[in-house]
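The values are calculated or read from the model by the stated rules, or taken from the named source; none is laboratory data. Please read these numbers as outputs of a predicted model, since none were measured by experiment. Here Cβ is always computed from backbone atoms with ideal geometry, including for glycine, and neighbour counts include all displayed protein chains. Quick note on the areas: whole protein, heavy atoms, side chains included, nothing else; ligands and nucleic acids left out. Shrake-Rupley method; radii C 1.70, N 1.55, O 1.52, S 1.80 Å.
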Amino acid sequence: MNKATLALLIHGGTENWSPERWKRRFDEVCGDRPVWLLPGGQGDPAAVHYAAVWKPAPGELAAFPNLRVIFNLGAGVDALMADKSLPKVPLVRVAVGDLTRRMTEYVVLHVLMHHRQELYLRASQREKRWAPKYQWPAGAISVGIMGLGTLGTDAADALRRIGFRVAGWSNSPKTIAGVECFHGKAQIDAFLRQTDILVCLLPLTPDTRGILNRELFAKLSRSSPMGAPVVINAGRGGLQNEADILACLDDGTLGAVSLDVYAAEPLQPESPFWTHPKVVLTPHNAADTDPDEISRYVARQIARFEAGQTLENVVDPARGY
Ligand code: NDP
Ligand code: OXD
């Protein structure tokens, strides 16, 4: 019997994300399962039971009447959640070691950059200025991580092992060794009050949109040796109020920010973020995904599904993540 077809709908991304590269990988891991790279109209849409997607156009998935599972090729599903015509079938997101480790690299790099006063030191170097400042130890800094899911938990562990004091905030209660855990709206102020460096790894949902705003920044700790709190956002641009970030950097409510994500991507040339001396900017590449590992992950999930086992990392449409 013919195996059900897997359709690939892949838009955007870096050169690592070329749709042809994904197709080659999926062909390798799917054996004799037909893999269609769309758009291209390779056959009857009714033959498609699985779709592996990145940024499909709204309505694109509704064209497949017999879809059983949608696999998002990234961790964040906010773009899919916004598609009102999304077929009501399980949506599986990516949670794999490779992506998690890359995000932890990004978080550790940026926390260390601010903790070790790199903005000041690089400016001194450019000006040939020998002006050492006292360097405090990691244990003097409290890092607070918003989002203690796949990514936040791993980053918390790496930071704790370096010696930072680490806390985290999530929707539901958690117990994580060496990490002070807060949850829900009732505990957010207590979490913020003791946070010197805030790392945001939240998903973008109706509850979290715009959460990184002046009101929240004003609640962060102001007693760290850095002088003013630092914010690092690698979640989604929709989590941040960009006008508030700029105003808070300029009036000292914030000392510096690292941003990987923006309200509108790609970031426009006229954005003040490009040249702001207190902004460390990356082009949404904190954690690139690897087609090799992710195609194997999707093939494994399809095998589980067809064997009657439960799919892993299924998105809860009511929560939006
Ligand atoms: P998970 O779903 O594993 O974790 C999400 C975490 O956020 C959970 O701890 C959850 O709480 C918490 N959370 C969600 N909503 C709320 C809320 N309203 N209040 C408090 N906590 C909340 O996601 P991942 O860790 O895998 O990924 C997180 C996000 O990172 C993705 O959604 C994506 O947007 C972004 N991302 C960015 C990348 C980049 O390159 N910049 C790459 C990959 C992902 P609970 O545990 O209680 O459910
Ligand atoms: C993702 C991303 O969600 O790249 O995986 O942002």
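Of the conditions (1) open to solvent by less than 30 Å² (accessible area, probe 1.4 Å); (2) within 16 Å of ligand 1 (Cβ to nearest atom); (3) within 24 Å of residue 158 (Cβ to Cβ), residue 80 fails just one. Which one is it?
Here residue 80 meets the rest and fails (3).
What number of residues within the range 195-233 are open to solvent by 10 Å² or more (accessible area, probe 1.4 Å) and within 17 Å of the chain's Cα centre (by Cα)?
Number of matching residues: 11.
Among residues belonging to the range 65-100 that are outside any loop (DSSP other than H, G, I, E, B) and touching a strand residue (DSSP E or B) at 6+ places or on another chain (Cβ under 7 Å), point out the one that is farthest from ligand 2 (Cβ to nearest atom).
Here the answer is 69.
Among (1) within 11 Å of ligand 2 (Cβ to nearest atom); (2) open to solvent by less than 10 Å² (accessible area, probe 1.4 Å); (3) in contact with a helix residue (DSSP H, G or I) (Cβ under 7 Å, 6 or more places away or on another chain), there is one condition residue 55 misses while meeting the rest; what is its number?
(2)
Just checking, does the range 298-309 include any residue being part of a loop (DSSP other than H, G, I, E, B), under 20 Å from the mean Cα position of the chain (by Cα) and crowded, with 21+ Cβ neighbours inside 10 Å?
Within the range 298-309 (the criterion being part of a loop (DSSP other than H, G, I, E, B), under 20 Å from the mean Cα position of the chain (by Cα) and crowded, with 21+ Cβ neighbours inside 10 Å), the answer is no, since none of the residues qualifies.
Name the residue that is surrounded by the most Cβ atoms within 10 Å (Cβ to Cβ), counting only residues in the range 122-151 that are among the small types (Gly, Ala, Ser) and in a helix (DSSP H, G or I).
138
If you take the residues of the range 247-275 that are outside any loop (DSSP other than H, G, I, E, B) and acidic (Asp, Glu), which of them is nearest to the chain's Cα centre (by Cα)?
Only one residue fits best here, namely 250.
Name, by its number, the condition in (1) open to solvent by 20 Å² or more (accessible area, probe 1.4 Å); (2) within 16 Å of ligand 1 (Cβ to nearest atom) that does not hold for residue 162.
(2)
For residue 107, indicate whether it is assigned to a loop (DSSP other than H, G, I, E, B) and within 16 Å of ligand 2 (Cβ to nearest atom).
no
Part of a strand (DSSP E or B) and of a type in the set (Gly, Ala, Ser): which single residue out of 46, 51 fits that description?
Every option except 51 fails the conditions.
Give all pairs with beta carbons closer than 9 Å in which a residue from the range 146-173 that is on the phi < 0 side of the Ramachandran plot meets a residue that is of a type in the set (Ser, Thr, Tyr) and part of a strand (DSSP E or B); count only pairs at least 6 apart in sequence or on separate chains.
146/170; 148/170; 149/170; 152/170; 164/142; 165/142; 166/142; 167/142
Regarding residue 27, is this residue within 16 Å of ligand 2 (Cβ to nearest atom) and either in the same structural domain as residue 207 (by TED's automatic domain parsing) or surrounded by fewer than 20 Cβ atoms within 10 Å (Cβ to Cβ) (or both)?
no
Tell me which of these residue 89 doesn't satisfy, since it passes every other one: (1) in contact (Cβ under 8 Å) with a residue 12 or more places away in the chain; (2) under 21 Å from residue 261 (Cα atoms).
(2)
Let's see how each residue does on (1) modelled with pLDDT under 95; (2) under 26 Å from residue 93 (Cβ atoms); (3) more than 16 Å from ligand 2 (Cβ to nearest atom); (4) of a type in the set (S, T, N, Q):
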{"position": "137", "(1), (2), (3), (4)": "no, no, yes, no"}
{"position": "148", "(1), (2), (3), (4)": "no, yes, yes, no"}
{"position": "157", "(1), (2), (3), (4)": "no, yes, yes, no"}
{"position": "165", "(1), (2), (3), (4)": "no, no, yes, no"}
{"position": "171", "(1), (2), (3), (4)": "no, yes, yes, yes"}
{"position": "174", "(1), (2), (3), (4)": "no, yes, yes, no"}
{"position": "180", "(1), (2), (3), (4)": "no, no, yes, no"}
{"position": "193", "(1), (2), (3), (4)": "no, no, yes, no"}
{"position": "200", "(1), (2), (3), (4)": "no, yes, no, no"}
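Which of the residues that make up the range 204-246 are within 16 Å of ligand 2 (Cβ to nearest atom), part of a loop (DSSP other than H, G, I, E, B) and among the polar types (S, T, N, Q)?
Those that are within 16 Å of ligand 2 (Cβ to nearest atom), part of a loop (DSSP other than H, G, I, E, B) and among the polar types (S, T, N, Q): 205, 208.
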